[in-house]
Amino acid sequence: MSEQLKIKLSIANRVYPLTIAPDQEEGLRLAAQKIETTVKKFEQSYSVQDKQDVLAMCALQFAAETEQTKINKNSLSETLEKRLLDLDARLEQHLNTNVL
């Protein structure tokens, strides 16, 4: 069992102490930075004073990005599956017509 690491992340002017596996640290720090950047962007773009509203907007943006990625991935998978099935059918037809 690997040793746990204690870190502190600052998000929207609050410090969050976490106990994590060492291999999670980089991802969590990058995520916290992304949240901080997005919070600042929303505060500058919209005159939102309440941190809870800004964090809710951040959560919505990140969740929407995740869902859109899933939709795009599923669409790509379906397209690839159709193309592979078509290619398989063509190969099967070619092999069946060229049998001696």
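The values are calculated or read from the model by the stated rules, or taken from the named source; none is laboratory data. Since we're looking at a predicted model, the values are computed, not measured. FYI the Cβ positions are ideal-geometry reconstructions off the backbone, even for glycines, and counts take in every protein chain you see. To get the accessible areas, we keep the full protein, side chains included, count just its heavy atoms, and leave off ligands, DNA and RNA. Shrake-Rupley method; radii C 1.70, N 1.55, O 1.52, S 1.80 Å.
Count the lysine pairs in the chain that are 8 or more places apart or on different chains: how many have C-alpha atoms under 19 angstrom apart?
Number of lysine pairs found: 6.
How big is the dipole moment of the chain about its Cα centre under a simple scheme where the beta carbon of each Lys and Arg is +1, that of each Asp and Glu is -1, and everything else is neutral? Debye, nearest 20, please. Provide the component values of the computation, followed by the final result.
Working: 13 positive and 15 negative charges, 71 e Å.
So the dipole magnitude of the chain works out to roughly 340 debye.
Against the longest alpha carbon principal axis of the chain, how many degrees, from 0 to 90 and to the nearest 10, is the axis of helix 51-97 turned?
So the inclination is approximately 10 degrees.
Using mean Cβ contacts within 10 Å as the protection proxy, how do 16-28, 84-96 order, highest first?
The peptides rank, most packed first, as 16-28, 84-96.
Of the residues LYS73, LYS34, LYS82, which exhibits the maximal mean-square fluctuation in a Gaussian network model of the chain defined by a 10 Å Cα contact cut-off?
LYS82
So if I take the centroid of the Cα atoms in the range 76-97 and the same for the range 1-60, what is the distance between those two points in Å?
Answer, in whole Å: 46.
For the range 25-72, rounded, prolate or oblate, judged on the Cα gyration tensor with a ≥ b ≥ c (square roots of eigenvalues), a/c < 1.5 rounded, else prolate if a/b > b/c?
Oblate is the answer for the range 25-72, as a/c is 1.5 or above yet b/c matches or exceeds a/b.
Can you give the accessible area per residue of the chain, in Å², using a 1.4 Å probe?
Computed with neighbouring chains in place, this is 86 Å² per residue.
Suppose only helical runs count, i.e. DSSP H with n ≥ 4. What mean residue ellipticity at 222 nm does that imply for the chain under -39500 (n - 2.57) per run, divided by all residues and rounded to the nearest 500 deg cm²/dmol?
My calculation for the chain gives -25000 deg cm²/dmol from helical runs alone.
Given a 1.4 Å probe and every protein chain left where it sits, what share in percent of the accessible area of the chain is carbon and sulfur?
Its accessible area is 55 percent carbon and sulfur atoms.
Which whole-number percent of Cα pairs in the chain have a distance greater than 23 Å?
Of all Cα-Cα distances in the chain, 56 percent exceed 23 Å.
May I ask which residue of ILE20, VAL54, GLN33 lies farthest towards the positive end of the charge dipole of the range 17-57, with charges of +1 (Lys, Arg) and -1 (Asp, Glu) on Cβ and the Cα centre as origin?
Ranked along the dipole, the leading option is VAL54.
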